[in-house]
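Novice: Quick one: this structure, given as structure tokens, is what I'll be asking you about.
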Amino acid sequence: MSPYYRRDRSQANRQRQMQERKRALARRGGGRSKGPGVLRRAARLFKVLVVLAIVGGVALLYHFHHLDGMIEEKFDRPRKWDLPSRVFSDAEYLYPGLDIKARSIASKLDRLDYRNTGQEIKGPGEYSLTDSRLLIHLHDFDYPDDPFKGFPLEVGIEGGTIRQMKRMDTGEALEIARLEPEQVASIFNEKMEDRTPVALSDVPENLVRAIILIEDERFFEHGGVDPVGIARAALANLKALRIVQGGSTLTQQLVKNFFLYPKRSFARKLNEMLIAWRIEKKHSKGEILEAYLNEIYLGQRGSASVSGVEEASRLYFGKAASQLTAGECAMIAGMIKSPSLYNPIANPEKARERRDFVLAGMRDKGFITAEEQGKAKKEKIVTPRVRTRTVVAPYFIDFLKRQLADLYPPDVLKTEGLRIFTTLDMFMQLAAERAVSQGIASLERDYATRLPREHEGGLQACLVAVQPSTGYLRALVGGRDYADTQFDRCTQAMRQPGSVFKPFVYLTAMDPARSRALFTPASLVDDTSFSVRSGGKDWSPANYDKKEHGPVTLRRALEQSYNIASAKLAIEAGLENVVKTARDAGIESELMAVPSMALGAFEVTPMEMASAYTIFPNGGIRADPVSIINVVTKEGEVLEKKSLVMKREFEAGPVFLTTSVMKGVLDSGTGAGARSRGFTAIAAGKTGTTSSYRDAWFVGFTPKLLALSWVGYDDNATMNLSGASGALPIWTKFMNEVRPNGDGDFSGPSGVILVKIDPVTGGLSDSSCPGGRFEVFIKGTEPEKTCSEIGTDASARETAPMEF
């Protein structure tokens with residue numbers, strides 16, 4: 001074989017072997033170089049990864065910026081929570097001579113969340129009541145411009161009446177002591193969270209330690225997220241084959257409640273961890289812990305959630321968190337896991353077991369001694385009495401909200417934590433609610449044959465009580481059932497007042513500065529029918545008894561509410577003068593100087609009429625109704641301080657004369673039913689019944705309290721009840737309960753004298769006129785003629801009162 005052939009063959013084999021090695025290396029991805037296609041693909045992949053990294057980084061930075069914005073907006077600001085405005089009643093005063101049983105002081109203490117401990121008291125918010133003494137440790141309370149520090153008080157009682165009082169800590173004798181106002185309502189936003197913020201420095205150390213022990217033992221060691229806690233929880237859950245532990249830190253729990261929606265998801269959990277980490281970077285452990293203590297959910301009060309340890313302390317133990325005992329601290333800490341299950345009011349035994357579990361942990365960690373643990377375990381669980389109603393004085397609160405809406409935007413009322421101190425007297429309010437509900441039930445039972453049988457909707461009533469000397473609105477009930485209808489008949493219903501308007505006619509006539517002619521209570525007015533042209537028509541009034549009574553004194557005409565005499569008196573005094581009197585008394589509704597106006601043939605609200613009547617017990621001074629005393633910010637700044645609007649509109653003498661005549665309405669006139677129902681206090685008033693018996697009224701007052709009651713149907717249907725049969729019983733029931741001992745007599749002004757007259761003729765009494773009585777006169781207006789000189793009319797000697 002040729003050598004050249006062998007050389008060429010060998011060279012060809014080497015080339016073939018070389019190509020096979022390259023192919024093998026290519027299949028393995030090896031080799032010393034790659035083709036241009038592979039490099040291009042690698043470069044493109046690298047670019048994509050770089051872009052994704054940049055986009056992801058930007059997105060992550062944006063997300064961190066977004067989370068930081070959330071933290072800054074909600075957590076970094078001084079006001080972290082929207083706080084409801086709270087509405088308070090007026091305060092209650094204790095003093096020697098007060099009948100604590102009649103005033104229902106024990107019920108008052110229960111409503112104020114004091115805890116009845118039996119025979120002795122040991123700390124704030126506790127009371128003990130026996131027949132001979134009341135022991136009470138008064139609550140702290142921040143009155144406007146007057147922070148009050150509670151102290152133990154001993155009240156000596158004899159026959160149900162306070163005899164003496166003294167401080168138990170100093171022995172100082174006291175003439176007066178004040179029970180704090182009741183919280184009667186909160187004005188919430190849509191979250192319905194009831195919360196009272198508290199500073200970390202005001203929270204007992206035992207409560208802080210117990211919460212950290214139970215909820216996040218490594219709180220001071222982690223940075224918001226605790227890997228150790230997560231691993232421990234995962235291991236415990238794996239062993240139990242179910243969820244028995246959570247790995248969330250206290251900071252994460254705060255974030256979940258404060259920032260995020262409740263639905264569980266991976267994204268929410270990731271955000272929870274990121275926000276917790278960011279908060280821990282920006283804030284101290286103390287700030288985080290304080291926020292947690294104020295945010296944590298601890299139960300329900302009606303439809304509102306109880307948030308934070310301060311509000312929980314007030315709900316479950318009737319005192320501030322700073323006053324909690326070790327056992328109470330452990331109980332609140334234990335509730336966090338399940339507030340409903342470990343509620344000490346609803347489930348005291350479960351709460352006790354949970355408390356003891358927390359106390360054992362605190363003892364194991366050295367937070368408390370064995371002695372302290374034993375003492376805490378022996379603590380008796382004493383909680384405030386559960387309130388049966390969550391809505392108190394609803395018509396009053398609605399009236400108040402309408403007034404507040406003129407002063408503050410809705411958002412301010414729902415978020416700024418204002419404290420609104422009102423004129424509401426809770427004892428009177430509850431008495432008024434009972435009087436209305438029970439009174440309507442009695443009317444529908446006792447007068448079933450009078451009432452329309454198939455009328456759609458039941459009788460309605462309203463009752464309003466006012467303190468005349470201040471204008472303070474003490475009680476307001478606008479209907480029989482707030483749940484059924486929120487329409488307030490005291491402040492929103494326009495109704496004809498009927499004869500309750502007549503006292504303004506008589507006041508005009510007996511005021512020399514207002515009347516065309518001079519009249520006194522002894523003056524005679526002719527109660528015989530007449531006709532007058534009015535509005536293009538003939539108008540002729542009639543009495544409700546369908547009779548005429550001839551010449552009668554003004555006193556008798558008003559006591560018996562004679563329509564004919566009253567209309568004639570208004571005409572003689574001057575209809576335009578009567579209108580001015582009504583305006584000066586505060587009646588703002590439309591009035592026309594026509595004869596029927598004298599009989600109440602126009603429309604007013606009951607509140608308007610009650611306010612106008614304040615001139616009588618006030619001796620001519622008008623008191624505008626007041627429901628708000630103070631509005632205070634959560635920092636204690638007084639925004640509103642209502643001054644009393646008192647204005648003298650009338651001379652005291654004519655007002656006193658009119659009031660004296662109205663006293664006769666109760667003693668011997670159309671309001672005498674109050675006496676037969678046991679009302680004995682000195683009082684004056686007037687019944688009212690409108691045409692066709694559509695409205696029944698009674699307005700009555702003592703020197704210190706005025707109340708108005710109204711009964712009727714919302715659609716103005718005839719009910720066949722008069723003021724005496726419909727409204728007076730409700731008024732009497734209320735007054736018997738709130739003022740059983742009366743308020744003394746009305747003070748007569750200077751220049752008013754008593755003269756003995758004949759009540760039939762109005763002349764001076766002499767031997768020929770039996771049955772003389774003393775009458776009041778402004779000096780110089782008393783009669784000059786005797787009864788024998790005037791002559792007598794036997795037909796005028798009717799004495800039996802009529803119902804009107």
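The values are calculated or read from the model by the stated rules, or taken from the named source; none is laboratory data. Predicted, not measured: the structure shown is a model, and the values here were computed from it. Here the Cβ is made from the backbone with ideal geometry for all residues, glycine too, and neighbour counts use every protein chain on show. SASA here: full protein model, heavy atoms, side chains in, ligands and nucleic acids out. Shrake-Rupley method; radii C 1.70, N 1.55, O 1.52, S 1.80 Å.
Novice: If S692 meets every condition in (1) touching a strand residue (DSSP E or B) at 6+ places or on another chain (Cβ under 8 Å); (2) among the polar types (S, T, N, Q); (3) assigned to a helix (DSSP H, G or I) apart from one, which number is that one?
Specialist: Among (1) touching a strand residue (DSSP E or B) at 6+ places or on another chain (Cβ under 8 Å); (2) among the polar types (S, T, N, Q); (3) assigned to a helix (DSSP H, G or I), the lone unmet condition for S692 is (1).
Novice: Within region 565-591, restricting attention to residues that are free of Cβ contacts under 8 Å to residues at least 24 places away in the same chain and more than 26 Å from L524 (Cα to Cα), which residue is surrounded by the most Cβ atoms within 10 Å (Cβ to Cβ)? First the steps, then the outcome.
Specialist: So in region 565-591, the residues free of Cβ contacts under 8 Å to residues at least 24 places away in the same chain come out as 575-576, 579, 583, 588, 590-591.
Retained after the next criterion (residues that are more than 26 Å from L524 (Cα to Cα)): 583, 588, 590-591.
Numbers: R583: 14, E588: 12, E590: 9, L591: 18.
It comes out as L591.
Novice: Let me ask something else. Pick from D526, D488, D484, D511: which is over 24 Å from P625 (Cα atoms) and crowded, with 22+ Cβ neighbours inside 10 Å?
Specialist: Values: D526 fails: crowded, with 22+ Cβ neighbours inside 10 Å; D488 fails: over 24 Å from P625 (Cα atoms); D484 fails: crowded, with 22+ Cβ neighbours inside 10 Å.
It is D511.
Novice: Any idea how many residues of region 574-623 are small (G, A, S) and under 19 Å from M662 (Cα atoms)?
Specialist: Selection size over region 574-623: 9.
Novice: In region 307-361, what residues are crowded, with 23+ Cβ neighbours inside 10 Å, under 26 Å from the mean Cα position of the chain (by Cα) and of a type in the set (A, V, I, L, M, F, W, C)?
Specialist: Scanning region 307-361 gives V309, A312, F317, A321.
Novice: Restricting attention to region 436-459, which residues are in contact with an Asp or Glu (Cβ under 7 Å, 6 or more places away or on another chain) and buried (at least 22 other Cβ atoms within 10 Å of the Cβ)?
Specialist: L459
Novice: Residues being part of a loop (DSSP other than H, G, I, E, B) and out of contact with any strand residue (DSSP E or B) (no Cβ under 8 Å at 6 or more places or on another chain): count how many of those fall in region 278-333.
Specialist: Going through region 278-333 one residue at a time, the tally reaches 8.
Novice: Would you check if there is a residue in region 112-128 being aromatic (F, W, Y) and under 20 Å from I629 (Cβ atoms)?
Specialist: Of the residues in region 112-128, the ones aromatic (F, W, Y) are 114, 127.
Right, trim to under 20 Å from I629 (Cβ atoms) and you get none.
No - not one qualifying residue is present in region 112-128.
Novice: While we're here: Where residues in region 433-455 are among the charged types (D, E, K, R) and touching a residue at least 12 places away in the same chain (Cβ under 8 Å), which of them is farthest from L728 (Cα to Cα)?
Specialist: Across region 433-455, the extreme among qualifying residues is R450.
Novice: Same structure, new question: Can you give me the number of residues within region 629-660 that are open to solvent by less than 20 Å² (accessible area, probe 1.4 Å), of a type outside the set (S, T, N, Q) and either touching a strand residue (DSSP E or B) at 6+ places or on another chain (Cβ under 8 Å) or part of a loop (DSSP other than H, G, I, E, B) (or both)?
Specialist: Adding up the residues that qualify gives 6.
Novice: Restricting attention to region 111-138, and to residues there that are touching a residue at least 60 places away in the same chain (Cβ under 8 Å) and open to solvent by 20 Å² or more (accessible area, probe 1.4 Å), which single residue is farthest from T170 (Cα to Cα)?
Specialist: At the first step, the residues of region 111-138 found to be touching a residue at least 60 places away in the same chain (Cβ under 8 Å) are 111-117, 123-126.
Checking the rest, the ones that are also open to solvent by 20 Å² or more (accessible area, probe 1.4 Å) come to 111, 113, 116-117, 124, 126.
Numbers: R111: 28, D113: 25, N116: 23, T117: 22, P124: 16, E126: 18 Å.
Of everything passing the filter in region 111-138, R111 is farthest from T170 (Cα to Cα).
Novice: In region 129-182, which strands (runs of 3 or more DSSP E) lie fully inside it and hold 2 or more residues that are at pLDDT 95 or above?
Specialist: Here the list reads 133-137, 152-158, 161-167, 177-179.
Novice: Pairs needed: first member in region 765-783, within 12 Å of R555 (Cβ to Cβ) and touching a residue at least 60 places away in the same chain (Cβ under 8 Å); second member anywhere, open to solvent by 40 Å² or more (accessible area, probe 1.4 Å) and part of a strand (DSSP E or B); C-beta distance under 9 Å; at least 6 residues apart or different chains.
Specialist: E775/L754; E775/K756; V776/I753; V776/L754; F777/I753; F777/L754
Novice: While we're looking at this one, here's another question. Against the definition (touching a Phe, Trp or Tyr at 6+ places or on another chain (Cβ under 7 Å) and buried (at least 17 other Cβ atoms within 10 Å of the Cβ)), how does R209 come out, yes or no?
Specialist: Here the answer is yes, as R209 does meet what is asked.
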